[in-house]
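Participant: The structure is given below, and queries will be raised subsequently.
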There are 2 protein chains.
Amino acid sequence: MAAWGERLAGVRGVLLDISGVLYDGGEGGGAAIAGSVEAVARLKRSRLKVRFCTNESQKSRADLVGLLQWLGFDVSEGEVTAPAPAACLILKQRGLRPHLLVHDGVRSEFDQIDTSNPNCVVIADAGEGFSYQNMNKAFQVLMELENPVLFSLGKGRYYKETSGLMLDVGPYMKALEYACGIKAEVVGKPSPEFFKSALQEMGVEAHEAIMIGDDIVGDVGGAQRCGMRALQVRTGKFRPSDEHHPEVKADGYVDNLAEAVGLLLQHADK
Amino acid sequence: MAAWGERLAGVRGVLLDISGVLYDGGEGGGAAIAGSVEAVARLKRSRLKVRFCTNESQKSRADLVGLLQWLGFDVSEGEVTAPAPAACLILKQRGLRPHLLVHDGVRSEFDQIDTSNPNCVVIADAGEGFSYQNMNKAFQVLMELENPVLFSLGKGRYYKETSGLMLDVGPYMKALEYACGIKAEVVGKPSPEFFKSALQEMGVEAHEAIMIGDDIVGDVGGAQRCGMRALQVRTGKFRPSDEHHPEVKADGYVDNLAEAVGLLLQHADK
């Protein structure tokens, strides 16, 4: 593999995944990953542009930022690209009224959306909300529509909490796709539209940007397909087999965000 | 389409699906489908051999037969091919110890199976048992295995209860497949092994047998792939679009079991 100097040359902007890179969720809000608070601070003191690009869909953007600040991170709501606000934009543009199968923590994001007489379904990481009854209700709404439309806020397989691996929204998206014989529209990583909006908000071209994430497919593969570079951290949901993934090869693997930022500050923007 | 006489010539044995053909499940046990009790009785008085071939995995075979008898059907346990007993056979043959994600109603079928220190997962139609917590537990068990093995008792998309369409085990099988990056082994229809064991128990060759079911893919398509003929009834989960299914064409569509039996008694075994 080429030297880091070559791999990171010309990077002007950094997209940071949040869960598994900045912190691991869990009991009592979760815990910052060692070195990440200081790494974000160093990055923001540098000349590199920074934006947070998350598939978090259990919490509103305000709650997520509140939690991160409480954990010590320098981050504000305006710096975060998240799927729920992106979904609201699409629903408004297309005049769609969703049935929501989402976590109570993110429901406030949809306050301005008409949910009466639904003509589509939006699912997000609902956690315990993925009861049989709630899944069956979403299924029945879809089956009653002439043209069933299903939005999924991300399609991650699982994520890591301090207590262990947890099913993400992706498996439930697959369940509804199979039950109804349809294909969901994904809002969030790895959808190219989602990465592009994050790049636009950061004001950096894809070839000048690098994604740092713990998900080899959603973060690394997705960003690379948009023309970005991408590093995988060995924190969060990382598993050793990711480094031999049959389809996706990161531009680099690093132990954690602190190592990634150290390398970026040494080699990027040159 | 050929005349019924031609389509049903030489039939010696009849495999009957249960849910959606004999009765619709629901509150208070459900309700027999009009004409089905008498149709089964006529069939059993005829020279045709009869066997019941179900993917029912919420109830033990004993409970299912008890319910059917209570609804007026002439059926005994020994006449029913069901996935839970078939799964137990496989588990024993391969020395596997399952983690069970199944309905309490079917748990007794696994009484003789060692479930300590599990090295595979068995899922069945767990209904309300498909909570997030239970799904996550099954997922975690699979992720901890070096060679994760998942058995699914059937892979139906949904079935019909008196109160409406209900998600079946298939969507949850797809969810775990996606979450773990694996492929489940299906025990039940449309698995060829399952149909073959039902034929063997009936003592009839595939080309002399006909399946009657409400599931265009699981019943009709599955039976045809085994060399049987198959009729779809317009009861249970039948939807008008099934008659224009892109991949499966039944040998005939009938309003209900009563019509099917009328045609069989008129034309079969000639």
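Participant: Counting Lys and Arg as +1 and Asp and Glu as -1, each charge on the Cβ, what is the dipole of the stretch B:116-167 about the Cα centre in debye, to the nearest 20?
Facilitator: The calculation lands at about 180 debye.
Participant: Another question, if that's okay. What's log10 of I(q)/I(0) for the protein assembly as shown at q = 0.12 Å⁻¹, Debye sum over Cα points only, no solvent?
Facilitator: Each listed q maps to, in turn, -1.07.
Participant: Next up: Report the trypsin sites (Lys or Arg not before Pro) located in the stretch B:1-108 that are in a DSSP loop and have at most 14 other Cβ atoms inside 10 Å of their Cβ, or state none.
Facilitator: In loop regions of the stretch B:1-108 (DSSP not H, G, I, E or B), the sparsely surrounded trypsin sites (Lys or Arg not before Pro) are B:Arg47.
Participant: For chain B, how big is the tail of P(r) above 33 Å, as a whole percent of Cα pairs?
Facilitator: Within chain B, distances greater than 33 Å cover 19 percent of Cα pairs.
Participant: 222 nm [θ] for chain B, helices only, -39500 (n - 2.57) per DSSP H run of 4+, per residue, to 500?
Facilitator: -9500 deg cm²/dmol, from helical runs alone.
Participant: Related question: Using all alpha carbons of the stretch B:115-270, what is the percent of pairwise distances in each 5 Å bin, ordered from the shortest bin to the longest?
Facilitator: Percent of pairs per bin, in order: 2, 8, 16, 17, 17, 14, 11, 8, 4, 2, 1, 0.
Participant: Now for a separate question. Would you mind telling me the antiparallel percentage of the DSSP bridges in the stretch A:129-270, rounded to 5?
Facilitator: Of those bridges, close to 30 percent are antiparallel.
Participant: Which number do you get for Rg(Cα) / (2.2 N^0.38 Å) in the stretch B:158-244?
Facilitator: The value comes to 1.21.
Participant: Can you compute the equivalent ellipsoid semi-axes for the stretch A:17-98, i.e. the square root of 5 times each eigenvalue of the Cα gyration tensor, sorted largest first and rounded to whole Å?
Facilitator: 26, 16, 9
Participant: Going toward the positive end of the dipole of chain A, with +1 on Lys and Arg Cβ and -1 on Asp and Glu Cβ, which of A:Gly13, A:Val106, A:Ser76 do you reach last?
Facilitator: A:Gly13
Participant: Please give the average number of partner chain Cβ atoms lying within 10 Å of the Cβ of each residue in A:130-139, rounded to a whole number.
Facilitator: That works out to 5 on average.
Participant: If I histogram all Cα-Cα distances within the stretch B:149-207 using bins 10 Å wide from 0, what percent of pairs lands in each bin?
Facilitator: Bins of 10 Å from zero give 22, 37, 29, 12, 0 percent of pairs.
Participant: Then there is this: Applying 1/(1 + (r/R0)^6) with R0 = 51 Å to the Cβ-Cβ distance of A:Lys92 and B:Lys137, what FRET efficiency is obtained, to the nearest 0.05?
Facilitator: It comes out at approximately 0.85.
Participant: In the protein assembly as shown, what percentage of the DSSP-assigned beta bridges are antiparallel, given to the nearest 5?
Facilitator: 15
Participant: Just need the Rg to Rh number for the stretch B:1-142, please, alpha carbons only, Kirkwood Rh.
Facilitator: That ratio is 1.06, to two decimals.
Participant: When you look at the Cβ of every residue in A:170-183, what mean number of other chain Cβ atoms sits within 10 Å?
Facilitator: Whole-number average of other-chain Cβ neighbours for A:170-183 is 6.
Every read-out reported here was derived from the displayed coordinates using simple, explicitly stated rules and does not represent laboratory data. Computed from a predicted model, the values in this text were never measured in an experiment. All Cβ positions, even for glycine, are placed from backbone atoms using ideal geometry, and neighbour counts span all protein chains on display.
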